[in-house]
Amino acid sequence: MAERYGDDATVRKILTELGDTWAIVGLSSNQQRPAWGVAKLLQRFGKRIVPVHPKAETVHGEQGYPDLASVPFPVDVVDVFVNSQQAGAVADQAVAIGAKAVWFQLGVIDEAAYERTRAAGLEMVMNTCPAIEIPRVTGAAGSAA
């Protein structure tokens, strides 16, 4: 597997300093999908999750939206659970809505999108998961289950 993109300081900053509203792109009510468990974990750590999925389902008590542009309030972090071929467009949308950071999940890699997003002034990590990084950064035990 490719290495994680983004140093420890960037991971820590995204998790602890940039705000608590996380749009989870690819989050649906399907409990078998990794996004469902990660969103639950983020909520346990005080983050407001915003489901972003074409179905616009309510997940974990939060109203869903079909795309980032439809979210009617500011989003701090865009957490991306779509495949690498779609991820670059999501990163570009994150820049367009004024997000502070983009997080590409494990296995989601688009180096050109990483460079564009960083050049636009956003923090970004790629090829890792908050469920892995939160316990490492905060010392708190956590599980995405």
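Which one of 51, 66 is open to solvent by 40 Å² or more (accessible area, probe 1.4 Å) and either touching a residue at least 12 places away in the same chain (Cβ under 8 Å) or more than 15 Å from the chain's Cα centre (by Cα) (or both)?
Just one listed residue meets the conditions, 66.
Which fully enclosed strands (runs of 3 or more DSSP E) of region 75-145 have 1 or more residues being within 17 Å of residue 48 (Cα to Cα) and not charged (D, E, K, R)?
Result: 77-80, 101-104.
Could you tell me how many of the residues in region 39-67 are in a loop (DSSP other than H, G, I, E, B), closer than 13 Å to residue 79 by Cβ and modelled with pLDDT of 95 or more?
So the count comes out to 2.
Please count how many residues of region 72-96 are among the aliphatic types (A, V, I, L, M) and open to solvent by less than 20 Å² (accessible area, probe 1.4 Å).
Residues of region 72-96 that are among the aliphatic types (A, V, I, L, M), as a first pass: 75, 77-78, 80, 82, 87, 89-91, 94-96.
Narrowing the set further to residues that are open to solvent by less than 20 Å² (accessible area, probe 1.4 Å) leaves 75, 77-78, 80, 87, 90-91, 94.
Looking only at that region, the number is 8.
Within region 5-38, can you find the residues that are over 20 Å from residue 124 (Cβ atoms), open to solvent by 30 Å² or more (accessible area, probe 1.4 Å) and assigned to a loop (DSSP other than H, G, I, E, B)?
Correct list: 29, 30, 31, 32, 33.
The values are calculated or read from the model by the stated rules, or taken from the named source; none is laboratory data. Given the structure is predicted, the values throughout are model-derived calculations rather than measurements. Here the Cβ is made from the backbone with ideal geometry for all residues, glycine too, and neighbour counts use every protein chain on show. Keep in mind that these areas ignore ligands, DNA and RNA; they rest on the heavy atoms of the full protein, side chains included. Shrake-Rupley method; radii C 1.70, N 1.55, O 1.52, S 1.80 Å.
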